[in-house]
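The values are calculated or read from the model by the stated rules, or taken from the named source; none is laboratory data. For clarity, every value in this text was computed on a predicted model and none was experimentally measured. Neighbour counts are summed over all protein chains in view; Cβ atoms, including those assigned to glycine, are modelled from backbone coordinates with ideal geometry. For accessibility, only protein heavy atoms count, side chains too; no ligands or nucleic acids. Shrake-Rupley method; radii C 1.70, N 1.55, O 1.52, S 1.80 Å.
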There are 2 protein chains.
Amino acid sequence: MTRPTATAVPLHPVLAARWSTRAYDPEAELSDAALLALLEAARWAPSRSNSQPARFLVGRRGDATFTALLDALKPRNRQWAQHAAALLAGLAPLRDDGGEPATHASYDLGQAVAHLSVQATALGLSVRQMSGFSPDVLRQAFAVPDDHEAYVVVAVGRHGDPVTLAEEVRAKEAAPRARRLLAETVFASAWGSPLPAARPRQRDASPPSG
Amino acid sequence: MTRPTATAVPLHPVLAARWSTRAYDPEAELSDAALLALLEAARWAPSRSNSQPARFLVGRRGDATFTALLDALKPRNRQWAQHAAALLAGLAPLRDDGGEPATHASYDLGQAVAHLSVQATALGLSVRQMSGFSPDVLRQAFAVPDDHEAYVVVAVGRHGDPVTLAEEVRAKEAAPRARRLLAETVFASAWGSPLPAARPRQRDASPPSG
């Protein structure tokens, strides 16, 4: 199932085709090659001074790591995420090598997961990121050290039939995708003053086609 | 100039072709359509509960916003970044709508800038992200409110001739690109225990070809 992103100008297909799916094919598995491609994409993402703060815990459906990651999710996520082919927790350090607060570690983790999800889209896979999990449960299950923090659990798999979803989740899955207008987000000259180039296309860019 | 990324398995070209360049063509400009494509890519990036925390200040070489962003950079960055076609500051809120610390705002800003840089690569443009700037100078120049923070200034443009760079910067520009091994970053079962699938290919993945 594709849901074209309604943009003022065309985006590259790997960006335009991406959306955060909840329906996964419970039979589909993730090959070693596909998993490595996702992880290599994250590995080669840029980071502040090439500090590479991103760390991952990776489980595939049926293994103990997957089960432990699933257990850390909030029940509403567990319900659909159990069918994903893989779950990956994304973690980053709280302090840098000098002991100062790592101001850009979660920023760089976000970049790494974004690269991972672009690669997943290129492979025809779907991704949904979740912050709805218990960092404490996850910390305990995997003996995560105190100086690292989990920010995200990522579900990856082949898109499945939404009919398998609970009714409330299925409605969310079909809801139109929406974003704020560029003119409310992109400024020039001063904060709050829209970039002129972002103005004329506002109407084209919204509402999304769903 | 291309610098293929040495990976254990092939990455999609828009990821494999990306690297953080310092040499920009001082004649090349960024069209409205290209700039909009970059901003639309950022706009459609995923974010926690679709909160869309990313904000941008955008200047093109020759305009007042560009000059003010350039002035906020550390001198070592100013030297090469002056030739970029555009500079974009990326900002995010410090607190969420309920007044709680925005734990995922910089994570989501990182995702938005990653999507922007993937789109830039797809358009044949180069990107380098900088944390070497003064948030205070930037805050003052653009009246950024206290509840938002600038995390990055992004240079975008057409890749230029490295001969224009100062000798020390030129050496950095030509240095081999390197990343930590996957087995040191990707765990299963417990923190620090390498994911088995990430092990056998370690040798293939490193060292990078430069």
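Restricted to the range B:1-97, the set of helices (runs of 4 or more DSSP H) holding at least 3 residues that are more than 7 Å from chain A (Cβ to nearest Cβ) comprises B:32-43, B:64-72, B:75-81. If you check B:Val127 against the conditions, is it open to solvent by less than 30 Å² (accessible area, probe 1.4 Å), closer than 16 Å to B:Ala17 by Cβ and at pLDDT 95 or above? When the stated conditions are applied, B:Val127 passes them. Only a single item in (1) more than 7 Å from chain B (Cβ to nearest Cβ); (2) over 17 Å from the mean Cα position of the chain (by Cα); (3) at pLDDT below 95 is not met by A:Val137, and it is number (3). Only one entry in A:Leu116, A:Leu138 is under 21 Å from B:Pro10 (Cα atoms), of a type in the set (A, V, I, L, M, F, W, C) and part of a helix (DSSP H, G or I), namely A:Leu116. Restricting attention to the range B:170-199 and to residues that are open to solvent by less than 20 Å² (accessible area, probe 1.4 Å) and more than 8 Å from every other protein chain (Cβ to nearest Cβ), the residue that is nearest to B:Gly62 (Cα to Cα) turns out to be B:Glu173.
Among the residues of the range A:11-33, count how many are surrounded by 20 or more Cβ atoms within 10 Å (Cβ to Cβ) and touching a residue at least 24 places away in the same chain (Cβ under 8 Å). The total comes to 8.
Suppose we filter the range A:45-79 for residues that are open to solvent by 60 Å² or more (accessible area, probe 1.4 Å) and among the acidic types (Asp, Glu); how many remain? So the answer is 1.
Restricted to the range A:145-179, and to residues there that are part of a loop (DSSP other than H, G, I, E, B), in contact (Cβ under 8 Å) with a residue 60 or more places away in the chain and not acidic (Asp, Glu), the residue that is nearest to A:Ala122 (Cα to Cα) is A:Arg158. Considering (1) touching a Ser or Thr at 6+ places or on another chain (Cβ under 8 Å); (2) open to solvent by 50 Å² or more (accessible area, probe 1.4 Å); (3) of a type outside the set (Gly, Ala, Ser), the lone condition that B:His159 does not fulfil carries the number (2).
Note on the range B:106-124: among residues that are more than 9 Å from every other protein chain (Cβ to nearest Cβ) and open to solvent by less than 10 Å² (accessible area, probe 1.4 Å), the one that is nearest to B:Gly160 (Cα to Cα) is B:Ala120.
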